[in-house]
Structures are given as structure tokens and as C-alpha cells.
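Undergrad: This structure is in C-alpha cells; I'll ask about it shortly.
The values are calculated or read from the model by the stated rules, or taken from the named source; none is laboratory data. Just so we're clear, the structure is a prediction, and the values are computed from it rather than from any experiment. Here the Cβ is made from the backbone with ideal geometry for all residues, glycine too, and neighbour counts use every protein chain on show.
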Amino acid sequence: MARVSFTQVSKRYDDAVALDRLDLTIEEGEFVALLGPSGSGKTTTLNLLAGLIEADEGEIRIGDRVVNDLTPDKRDVAMVFQNYALYPHMTVFENLEFPLQARDARIATTEVEARVGRVAETLGLGELLHRYPKELSGGQQQRVALGRAMIRDPKVFLLDEPLSNLDARLRIRMRRDIKALHQKLGSTIVYVTHDQAEAMTLADRIAVFAGGRLQQFASPAEIYGRPANLFVAGFVGEREPSLLTGTLARAADRLRFTSPEGELLVPIAEAPHVAHHAGRATLCLRPEALVIASDGEPATITEIEHAGAEAFVYARLAGGAELCVRAEAGAGHRPGDAIRLAVIGARLLAFDPDTQFSLARWT
Ligand SMILES: Nc1ncnc2c1ncn2[C@@H]1O[C@H](COP(=O)(O)OP(=O)(O)O)[C@@H](O)[C@H]1O
Ligand SMILES: [Mg+2]
């Protein structure tokens with residue numbers, strides 16, 4: 001276990017900046033997800049920490065040591081990749097013992113067996129030790145890859161999209177396994193993913209990246225509920241939010257949002273975090289921030305997407321804006337129906353249209 005820190009770390013490839021002056025400190029024992037779209041600098045960050053690539057600027061520390069000039073094997077980290085990278089001609093047992101033999105060719109057989117046994121038990125691989133990788137399911141292969149990372153008891157685990165080759169349900173099951181593993185081992189984990197749901201469920205804190213820059217580093221609840229900018233707001237959440245740019249102003253006890261595309265009213269008491277603002281704003285309205293309610297703005301249903309227990313209703317305001325609202329399945333809505341849409345004030349997210357920074361003041 002160890003704390004990890006990046007101080008003003010940058011990495012360029014030719015003219016492209018892959019990582020731009022990263023400042024990030026991960027506490028000992030913490031599970032941190034690096035979240036962002038493809039090409040945002042997540043793998044670069046992980047590879048810099050592993051020592052697979054070199055920083056152009058800045059300082060990287062693991063524990064108390066500056067590791068910039070240390071080779072990967074001196075850094076005491078273990079990495080798990082998306083494609084498992086198991087040795088196909090070796091059994092599970094041989095795959096697991098390999099890192100031990102590689103480090104110390106004279107390690108005692110009893111020591112190897114004890115360590116492999118411990119890891120196999122933790123990961124439920126006991127029955128599979130004599131199989132070859134091709135005789136395992138994707139989930140089992142990924143567990144072996146995790147086991148191979150665990151075997152040396154590294155200071156830090158680095159995982160790069162370890163579940164993205166698995167099907168959706170297995171991915172959710174493996175998430176729980178990884179979470180349980182972290183609770184058991186208490187190790188520092190840095191976990192790269194482009195899947196916001198995976199980051200939300202696994203991590204103690206999430207570092208959101210875009211374009212090689214850290215956008216926000218905070219708990220899942222804060223990333224979701226109090227996003228620092230429009231990018232973060234749009235990237236997290238199950239569904240794409242509706243965006244509306246216009247003007248926000250106080251009108252008696254309500255906030256009035258006006259735009260050529262539509263109007264919305266929100267009681268100030270429900271949205272105190274934006275009540276101080278008067279002027280231009282971009283609203284970011286997630287489906288769960290809207291509700292079909294009799295005191296809302298008139299809208300016409302354009303489309304309904306059924307999603308099992310719930311439905312996503314698309315509706316157009318008089319001004320033309322189309323908003324998506326989450327509703328219960330079986331409510332009997334149909335395209336063409338007239339409804340009314342209201343904003344759930346506490347979930348109202350508003351951003352500066354120019355800087356894209358949040359306008360909210362949370363107290
Ligand atoms: N070896 C490389 N040579 C040139 N450009 C690279 C190399 N590795 C990464 N990049 C670029 O750096 C940026 C960040 O890449 P990466 O960290 O792999 O993104 P992510 O893991 O978030 O998808 C991307 O624009 C990518 O094209
Ligand atoms: Mg990557």
C-alpha cells in the first residue's frame with residue numbers, strides 16, 4: 001500500500017499533449033477511477049505511474065519516493081490490462097507463479113505454493129489451477145490476470161479497462177468482485193475506465209479527464225451531483241442530458257429560465273444553489289432532473305423509449321426544445337400527448353455558457 005502523487009506532470013507526443021500538467025494525489029488504500037472518453041489521457045497517466053513511459057515534466061511519487069527515474073520493476077506496482085495477457089502455453093498455476101519466479105528464480109517451492117494457494121483462494125480459482133487459459137471463460141481469465149497482479153503483493157494496483165472485453169452482465173458481476181477484493185486487500189488501486197457507471201460503483205474518488213486535462217477529482221456523489229463543469233455533467237449519468245442556453249433571472253419566489261427554445265420555472269426554495277445567479281446560463285437537464293407534473297410547462301410527447309421498469313419520454317416545449325424525462329413504465333403515455341414538465345430544483349445544473357464552469361454555489 002502506498003500513496004501516489006503526480007505534481008505538474010505532462011506528457012507530449014510530437015505536437016500532441018497527451019497529459020497536461022496533472023496534479024493528483026491518491027491516498028494510501030484508496031480506490032481511484034480515472035474516467036474519461038477515449039484519448040483523454042487515462043492510459044498515459046497509468047503508464048507514467050507504471051514506468052512504461054517517461055514524463056516530459058513534473059514529479060511522480062509512490063509512497064515517499066520520487067519514481068520518475070525508476071524502471072517499472074523497481075516501482076513495486078502491478079498492472080492488469082484489458083486483454084488479460086495470460087501466457088497461453090502455461091496453466092493457471094504457472095501463470096500465477098510466473099511473476100514470483102521472474103523476480104527470484106531461487107524462491108522456495110513451498111513459498112510459491114503457499115502464495116499461489118492464497119491468491120487462488122481469494123479469487124476462487126482453486127479448481128482451475130491445472131487448466132490452460134483457453135479452457136477458461138472470459139471472467140475466469142480476468143480473475144487469473146488479477147491474481148497474477150496480486151501475487152507479488154504490490155504497493156499499487158493499476159488496472160486499465162480490465163472488464164471491457166466481458167459481456168454486460170459479467171462486467172457487473174466482476175465489478176462486485178473487484179470491489180470486494182479491494183475491501184479485503186485494502187490496497188491502493190488506480191482503475192482506468194471510460195464507463196461512468198463502472199467508475200461510480202467502484203471508486204472512492206473519480207478523476208475525470210478530457211483532452212489530457214483533469215476536469216474534477218471528487219467522490220462519485222459529488223461528481224454526479226455537483227459537477228464542476230459542463231463536460232463532467234454531460235459525461236456522468238446513465239443518459240445524455242438535455243442542454244438549453246438562455247437567461248436565468250429571479251421572478252418573485254421563482255427562478256425563471258427563458259430561451260428562444262423554451263421557458264422553465266423553478267421555485268427558488270428548491271434550487272438555492274443557483275438563486276444568486278442572474279444572466280446567461282446553460283442548463284443541463286438529466287432525465288432524472290425532470291418530472292411530469294401538473295404545474296409544469298406545457299410540452300408535447302415526441303417519442304417514448306421503454307427501458308424495462310422505466311420509460312424515457314421525449315417531449316417538446318412550445319419553443320421547440322426537446323427534453324427527455326424519466327417516467328414510470330406503464331404510465332400510458334403516447335406520442336402526441338400533451339403533458340407538463342417541471343424541473344426538480346435540487347437537481348438543476350447551470351453553467352456559464354462561455355467558460356462552461358458550474359454556476360452553482362453549494363453551501
Ligand atoms: N504512443 C503514442 N504515440 C502518439 N500519440 C499517443 C501515443 N499514446 C497515446 N497517444 C495520444 O495521447 C492521447 C491520450 O492517449 P491515452 O492516454 O491512451 O488516452 P485514453 O487512455 O484516455 O484513451 C491521445 O490523443 C492519443 O492519441
Ligand atoms: Mg486507454
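Undergrad: For GLY212, are the conditions met, namely being touching a helix residue (DSSP H, G or I) at 6+ places or on another chain (Cβ under 9 Å) and either within 16 Å of ligand 1 (Cβ to nearest atom) or outside the structural domain of GLU94 (by TED's automatic domain parsing) (or both)?
TA: yes
Undergrad: Something else now. Which of (1) at pLDDT below 95; (2) surrounded by fewer than 16 Cβ atoms within 10 Å (Cβ to Cβ); (3) not basic (Lys, Arg) does GLY279 not meet, given it meets every other one?
TA: (1)
Undergrad: Residues that are under 20 Å from GLU305 (Cβ atoms), in contact with a helix residue (DSSP H, G or I) (Cβ under 7 Å, 6 or more places away or on another chain) and not basic (Lys, Arg): list the strands (runs of 3 or more DSSP E) wholly contained in the stretch 315-363 that include at least 1 such residues.
TA: Counting at least 1 such residues, we get 322-328.
Undergrad: Any chance the stretch 256-271 includes a residue that's assigned to a helix (DSSP H, G or I) and closer than 26 Å to VAL232 by Cβ?
TA: yes
Undergrad: Right, here's the next one. Going through ASP14, ASP20, ASP56 one at a time, which residue ends up being farther than 19 Å from HIS182 by Cα and free of Cβ contacts under 8 Å to residues at least 40 places away in the same chain?
TA: ASP14
Undergrad: Pick out the one residue from ALA2, ALA18 that is surrounded by 15 or more Cβ atoms within 10 Å (Cβ to Cβ) and within 15 Å of ligand 2 (Cβ to nearest atom).
TA: Exactly one of ALA2, ALA18 is surrounded by 15 or more Cβ atoms within 10 Å (Cβ to Cβ) and within 15 Å of ligand 2 (Cβ to nearest atom), namely ALA18.
Undergrad: Among ARG205, ARG256, ARG239, which is the only one that is modelled with pLDDT of 95 or more and within 31 Å of the chain's Cα centre (by Cα)?
TA: That would be ARG205, the only listed residue that is modelled with pLDDT of 95 or more and within 31 Å of the chain's Cα centre (by Cα).
Undergrad: Mind listing whichever residues of the stretch 242-257 are within 15 Å of SER358 (Cβ to Cβ) and either crowded, with 22+ Cβ neighbours inside 10 Å or among the β-branched types (Val, Ile, Thr) (or both)?
TA: Result: THR245, LEU248.
Undergrad: Pairs, please: C-beta under 7 Å, at least 6 apart or cross-chain, first residue surrounded by 10 or more Cβ atoms within 10 Å (Cβ to Cβ) and in the stretch 102-113, second at pLDDT 90 or above?
TA: What qualifies is VAL112/GLU97.
Undergrad: Can I ask one more? Can you pull out the residues in the stretch 297-319 that are within 24 Å of LEU359 (Cβ to Cβ) and at pLDDT 95 or above?
TA: Selection gives GLU297, LEU317.
Undergrad: Within the stretch 13-47, work out how many residues are among the acidic types (Asp, Glu), within 14 Å of ligand 1 (Cβ to nearest atom) and modelled with pLDDT of 95 or more. Break it down stepwise before answering.
TA: Residues of the stretch 13-47 that are among the acidic types (Asp, Glu), as a first pass: 14-15, 20, 23, 27-28, 30.
Applying the additional criterion that residues be within 14 Å of ligand 1 (Cβ to nearest atom) yields 14-15, 20.
From the residues that got through so far, the ones that are modelled with pLDDT of 95 or more too are 20.
Of the residues in that region, 1 qualify.
Undergrad: Suppose the filter is surrounded by fewer than 21 Cβ atoms within 10 Å (Cβ to Cβ), within 16 Å of ligand 2 (Cβ to nearest atom) and modelled with pLDDT of 95 or more; does ASN68 pass it?
TA: On the way: surrounded by fewer than 21 Cβ atoms within 10 Å (Cβ to Cβ): yes; within 16 Å of ligand 2 (Cβ to nearest atom): no; modelled with pLDDT of 95 or more: yes.
So ASN68 fails the test.
Undergrad: Considering only residues that are touching a Gly at 6+ places or on another chain (Cβ under 7 Å) and part of a loop (DSSP other than H, G, I, E, B), which ones fall in the stretch 1-37?
TA: MET1, ALA2, ARG3, GLY29
Undergrad: Return a yes/no flag: does the stretch 297-314 have any residue that is touching a helix residue (DSSP H, G or I) at 6+ places or on another chain (Cβ under 8 Å) and either assigned to a strand (DSSP E or B) or more than 27 Å from GLU222 (Cβ to Cβ) (or both).
TA: The answer is yes, given that some residue of the stretch 297-314 is touching a helix residue (DSSP H, G or I) at 6+ places or on another chain (Cβ under 8 Å) and either assigned to a strand (DSSP E or B) or more than 27 Å from GLU222 (Cβ to Cβ) (or both).
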